[in-house]
1. Which residues, taken from segment 90-131, are part of a strand (DSSP E or B) and touching a Pro at 6+ places or on another chain (Cβ under 8 Å)?
2. Just checking, which of 40, 49 is over 22 Å from residue 223 (Cα atoms) and either part of a loop (DSSP other than H, G, I, E, B) or of a type in the set (Lys, Arg) (or both)?
3. What pairs come up if the first residue lies in segment 31-48 and is surrounded by fewer than 23 Cβ atoms within 10 Å (Cβ to Cβ), the second is of a type in the set (Lys, Arg) and not in a loop (DSSP other than H, G, I, E, B), and their beta carbons are under 6 Å apart, counting only those six or more places apart or on different chains?
4. Of all residues in segment 93-114, which are farther than 20 Å from residue 192 by Cα, near the ligand (Cβ under 8 Å from one of its atoms) and hydrophobic (A, V, I, L, M, F, W, C)?
5. Take residues that are more than 16 Å from the ligand (Cβ to nearest atom), among the aromatic types (Phe, Trp, Tyr) and on the phi < 0 side of the Ramachandran plot and tell me which of the helices (runs of 4 or more DSSP H) falling wholly in segment 182-267 contain 1 or more.
6. Of all residues in segment 58-75 being outside any strand (DSSP E or B) and in contact with a helix residue (DSSP H, G or I) (Cβ under 6 Å, 6 or more places away or on another chain), which is farthest from the ligand (Cβ to nearest atom)?
7. Restrict the check to segment 51-73 and report whether at least one residue is open to solvent by less than 10 Å² (accessible area, probe 1.4 Å) and either over 23 Å from residue 142 (Cβ atoms) or β-branched (Val, Ile, Thr) (or both).
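The values are calculated or read from the model by the stated rules, or taken from the named source; none is laboratory data. These figures come from a predicted structure and were not determined experimentally. Backbone-built Cβ (ideal geometry, glycine too); neighbour counts: all protein chains shown. Side chains included, ligands, DNA and RNA excluded: accessible areas come from the protein's heavy atoms. Shrake-Rupley method; radii C 1.70, N 1.55, O 1.52, S 1.80 Å.
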Amino acid sequence: MKLTSSGPWELVAEDYDRYLTPLFGPFCEAALELAGVARGHRVLDVATGPGTLARAAHQRGASVCALDVAEGMLARLQERLEADGVRDVEVVQGDGHALPQADDSVDAAFSMFGVIFFTDTDQGLAELARVVRPGGRVVVSSWPPVTKSPMMHTLSQAVTRNLPMGPPTPEQLPLNSPVAIRAALAQAGLEEIEVRRVVVPSRYESAAEAIDRFTRSAAPLRLLARAMGPFAWRPLRDAAVATLEEEHTFPLTLDLPAFVSKGVKPR
Ligand SMILES: C[S@@+](CC[C@H](N)C(=O)[O-])C[C@H]1O[C@@H](n2cnc3c(N)ncnc32)[C@H](O)[C@@H]1O
């Protein structure tokens with residue numbers, strides 16, 4: 001399911017922040033390292049969500065602008081900034097297809113699991129390339145296909161196998177392989193492309209915890225739960241928990257792999 005409006009992101013913002021943000025630190029560290037972000041760099045984080053990358057870049061001394069289309073996500077970021085006493089991160093609501101930034105105005109532009117959900121991913125990449133200065137870096141992160149992601153495959157299968165209509169054909173998100181990433185970054189006019197596979201382990205104490213965390217933070221499943229209503233959703237959720245308990249031993253650790261990729265704007 002392609003999430004083309006901010007609505008689904010508003011729906012999951014709180015649980016996304018609670019359950020997924022804690023996993024994403026290593027992806028952000030890899031991204032910052034690939035871009036070589038240091039004190040004084042101007043950094044733009046597009047589709048910032050709760051701002052994991054933006055906050056990590058700020059901690060490195062960068063001057064940061066964080067942009068997202070969803071107010072609920074930006075509210076989570078604002079809460080975290082206030083809790084940390086940070087006042088100098090610029091937070092902007094906007095559309096990554098048409099960034100407000102001027103050409104060549106930042107040293108590094110990021111989109112962590114962001115442009116892959118845009119209506120037009122190529123346009124999102126073109127905008128990142130436009131605003132970065134010559135010699136500056138664009139870094140994006142993306143997911144491999146669900147079947148190659150132990151966490152997403154195991155948990156989504158446990159749910160979809162129990163759907164009355166059977167499992168849907170999994171959607172193929174853009175930038176889901178090194179070949180696709182290289183082609184898209186080159187098409188955006190970027191050079192010196194580098195793709196890294198970064199794996200984060202996700203640990204669950206029980207099947208119920210795994211299913212609840214996953215279904216509450218994944219926008220397509222939240223939409224499904226809402227469409228089914230609580231009386232139809234509850235037996236499906238319980239069946240998914242039973243499926244996991246039958247097939248796995250808890251505590252269970254499942255790997256979550258992602259691609260973190262860099263391109264450089266020609267001088
Ligand atoms: C999977 S979340 C990623 C959030 C964050 N970068 C992270 O790594 O946790 C996708 C984000 O893309 C944002 N988004 C989707 N379409 C967008 C658009 N056209 N412009 C800006 N942000 C968008 C959503 O609101 C959501 O916060």
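1. 92, the sole residue that qualifies.
2. Being over 22 Å from residue 223 (Cα atoms) and either part of a loop (DSSP other than H, G, I, E, B) or of a type in the set (Lys, Arg) (or both) holds for just one of 40, 49, which is 40.
3. Once the first residue is surrounded by fewer than 23 Cβ atoms within 10 Å (Cβ to Cβ) and sits in segment 31-48, its partners that are of a type in the set (Lys, Arg) and not in a loop (DSSP other than H, G, I, E, B) give 34/262.
4. 113, the sole residue that qualifies.
5. Per the criteria, 230-247.
6. Looking at the filtered set, the residue picked out is 72.
7. Yes, segment 51-73 has at least one match.
Per-residue answers, yes or no, for (1) among the charged types (D, E, K, R); (2) at negative phi; (3) at pLDDT 95 or above:
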position	(1), (2), (3)
3	no, yes, no
28	no, yes, yes
60	yes, yes, yes
63	no, yes, yes
78	no, yes, yes
82	yes, yes, yes
86	no, yes, yes
